[in-house]
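**Q** The following block contains the structure, expressed as structure tokens.
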Amino acid sequence: MVDSSAYRLGICAALAVLLLVVLELALRVFSKAPSLRQNETQKNPADALRHAGDVIATLLVAGTVGDMATTGESVKTDLLRAAGFGITATLLFLVCSRAQTRFFLAQKLTGEVERGNPAAGLAAAAHSVATGILAANAVAGETLHDLGLSLVFFVLGQVALLVIVALFRMLTVYDDSEEILGENMAASLSYAGITIGVAVLVGRASSGEFTTWGESLLAFAEVLAYAPLLYFVRQFVVGSVVLGHKPALRGGPLDKAIGAERNVGLAALEAATYIGTALVVERLP
């Protein structure tokens with residue numbers, strides 16, 4: 001039996017190479033958009049951003065799944081187990097991230113990415129990273145039984161992500177999809193921040209040891225209960241404490257700065273607070 005940090009790192013590295021090859025092949029076979037290699041010659045910034053999100057998601061899957069699938073029983077067994085879970089997670093995130101993008105930002109976003117709209121590319125990249133976080137946290141284990149449970153919690157995580165992000169979008173006074181289609185990078189940064197921040201929370205809710213359905217679903221719901229904290233941080237910590245504006249339950253100067261003035265700096269600050277807050281919650285016991 002072999003198990004050490006260096007051994008686990010080797011399994012994760014081998015899995016990362018395999019999954020990047022799988023990603024390249026999947027993009028070529030199942031997608032009309034350029035693959036990673038093809039985009040290098042076309043020089044489309046939007047596609048480059050989306051593919052950057054794909055690569056981040058793939059590496060997240062490789063790191064988490066590779067570690068979870070490694071038992072030290074034998075190199076062959078660990079590699080095969082990691083490959084099975086890893087390929088499943090990679091294909092899931094690739095399909096679901098594209099579906100999420102169409103759901104939230106309309107089907108014409110795909111055309112915007114192909115046209116070279118960087119705001120659309122950033123939003124698509126955010127969905128790749130978000131879905132990769134969910135796949136990395138949910139689709140992991142050692143047995144087929146673990147895989148079945150993983151798929152259930154991955155689906156639950158997808159639904160939770162869709163619902164929570166949709167609710168947040170209703171609270172902004174500007175239309176995210178229209179702003180992003182209009183190449184508003186500030187709106188896209190804000191959107192990317194909340195999408196990834198919520199995914200971190202949902203990914204935390206989807207991970208952990210399965211005990212019973214009741215206990216596991218309760219633990220899932222308890223973590224999701226922190227989601228409103230992201231909006232509180234946006235409206236009151238960023239809007240009032242940091243920027244010095246009057247408190248507002250909806251809208252306010254932050255929405256104006258992002259939707260009308262296209263202030264990329266404030267949007268980056270907002271996105272950072274979403275992700276930072278989610279990472280703090282993720283570290284809670």
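**Q** Exactly one of these conditions fails for Ile258: (1) buried (at least 20 other Cβ atoms within 10 Å of the Cβ); (2) within 17 Å of Leu161 (Cβ to Cβ). Give me its number.
**A** Ile258 satisfies every listed condition except (2).
**Q** For Leu266, indicate whether it is under 24 Å from Ala130 (Cβ atoms), within 19 Å of the chain's Cα centre (by Cα), touching a residue at least 24 places away in the same chain (Cβ under 8 Å) and not in a loop (DSSP other than H, G, I, E, B).
**A** Judged against the criteria, Leu266 is not a match.
**Q** Of the numbered conditions (1) within 29 Å of Ala120 (Cβ to Cβ); (2) surrounded by fewer than 21 Cβ atoms within 10 Å (Cβ to Cβ), Phe236 fails exactly one; give the number of that condition.
**A** The one condition Phe236 does not meet is (1).
**Q** Are there any pairs with C-beta distances below 6 angstrom linking a residue in the stretch 105-119 that is within 16 Å of Asp175 (Cα to Cα) and surrounded by fewer than 18 Cβ atoms within 10 Å (Cβ to Cβ) to a residue that is modelled with pLDDT of 80 or more and not hydrophobic (A, V, I, L, M, F, W, C), with the two at least 6 apart or on different chains, and if so which?
**A** Once the first residue is within 16 Å of Asp175 (Cα to Cα) and surrounded by fewer than 18 Cβ atoms within 10 Å (Cβ to Cβ) and sits in the stretch 105-119, its partners that are modelled with pLDDT of 80 or more and not hydrophobic (A, V, I, L, M, F, W, C) give Ala106/Ser177.
**Q** When the stretch 46-84 is examined, which residues are found to be among the small types (Gly, Ala, Ser) and within 23 Å of Ser128 (Cα to Cα)? Quick ask: steps written out before the conclusion?
**A** Of the residues in the stretch 46-84, the ones among the small types (Gly, Ala, Ser) are 46, 48, 52-53, 57, 62-63, 66, 69, 72, 74, 82-84.
Matches in the stretch 46-84: Ala46, Ala48, Ala52, Gly53, Ala57, Ala62, Gly63, Gly66, Ala69, Ala82, Ala83, Gly84.
**Q** Does Arg250 qualify as being in a loop (DSSP other than H, G, I, E, B), modelled with pLDDT of 75 or more, within 19 Å of Asn184 (Cβ to Cβ) and not hydrophobic (A, V, I, L, M, F, W, C)?
**A** It is false that Arg250 is in a loop (DSSP other than H, G, I, E, B), modelled with pLDDT of 75 or more, within 19 Å of Asn184 (Cβ to Cβ) and not hydrophobic (A, V, I, L, M, F, W, C).
**Q** Could I ask something else about it? Please enumerate the residues belonging to the stretch 47-67 that are under 18 Å from Ser5 (Cβ atoms) and buried (at least 21 other Cβ atoms within 10 Å of the Cβ).
**A** Ala62, Thr64, Val65, Gly66 - these are the residues of the stretch 47-67 that are under 18 Å from Ser5 (Cβ atoms) and buried (at least 21 other Cβ atoms within 10 Å of the Cβ).
The values are calculated or read from the model by the stated rules, or taken from the named source; none is laboratory data. All values reported here derive from a predicted model rather than from experimental measurement. In this analysis, Cβ positions are derived from the backbone assuming ideal geometry, glycine residues included, and neighbour counts consider all displayed protein chains.
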